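Below: the structure, in structure tokens.
We did not get these values from a lab; they are worked out from the coordinates using the rules stated. Small disclaimer: the values here were computed from a predicted structure and weren't measured. Please note: Cβ atoms are built from the backbone with ideal geometry, for glycine as well, and neighbour counts cover all protein chains shown.
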Amino acid sequence: MTTARTKDLSYPGARGRAAAGPKNNKPEKTKLKNPVISMKLVIICLAIIIFGLVLATNAAGYINVRASLTKIPMVGKLFGPKGIVSEELATKTNSLEQDMANLQAKVKQQDDLLKGLLEEKQTLEQEKQAALKQIKDLQAQLQAEQTRRLGFKDMAGYYGQMKPATAAAIMDKQDEQTVIGILQEMPPEQVARILGAMKPERAAVLVNQMLK
């Protein structure tokens, strides 16, 4: 048995293989590590490129990254709830703002209606005051006319006791409206006698005024 082992070791090829075996194992491991590292670098580079493209498309508005991430089972938990809460809050805020705008519009409508009613009331009050003033003025005019008529009637009785020539002489110095008022309160016969005693031009003017 000892001779066989010695013989095997003495064989040149066996020695060469025994000596070369340990030296050749290290290069083979190095060759195996290089492809793995290269593959990792390629994957990392691809991931960086893809992530950059996703960010670029999200910034451009082509892809909603948050919406896409929420669809991923595990990742969606990190991005989903905040987005959902924000959307719900925005929706509720918009609804409240719309309700507030509607209420403000109704309040403005009621204010405009109330303002219109107040203006209409003020206009009616002004018209009422104007009508009352007109009635008061008419009453004053009527009373003045009645007083004037009573005065003319008294004056007609006074002039009726005079001679026609004397009455005509006094009336020639009075204004036409006063003379007409007195003559209208006198009997037609007295009026004719007094007018006959006046100047023809004066009598004609008085007759024309009385016939109007």
**Message:** Any residue in the stretch 176-194 that is within 11 Å of Y159 (Cα to Cα) sitting within a Cβ distance under 9 Å of a residue that is surrounded by 14 or more Cβ atoms within 10 Å (Cβ to Cβ) and among the aromatic types (F, W, Y)? List the pairs, counting only those 6 or more apart or interchain.
**Reply:** I182/F152; I182/Y159; L183/F152; L183/Y159; E185/F152; M186/Y159; Q190/Y159; I194/Y159
**Selection status of M162, among the aliphatic types (A, V, I, L, M) and either touching a residue at least 24 places away in the same chain (Cβ under 8 Å) or in contact with a Gly (Cβ under 7 Å, 6 or more places away or on another chain) (or both)** = no
**Message:** Take A203 and tell me if it is touching a helix residue (DSSP H, G or I) at 6+ places or on another chain (Cβ under 9 Å) and free of Cβ contacts under 8 Å to residues at least 24 places away in the same chain.
**Reply:** yes
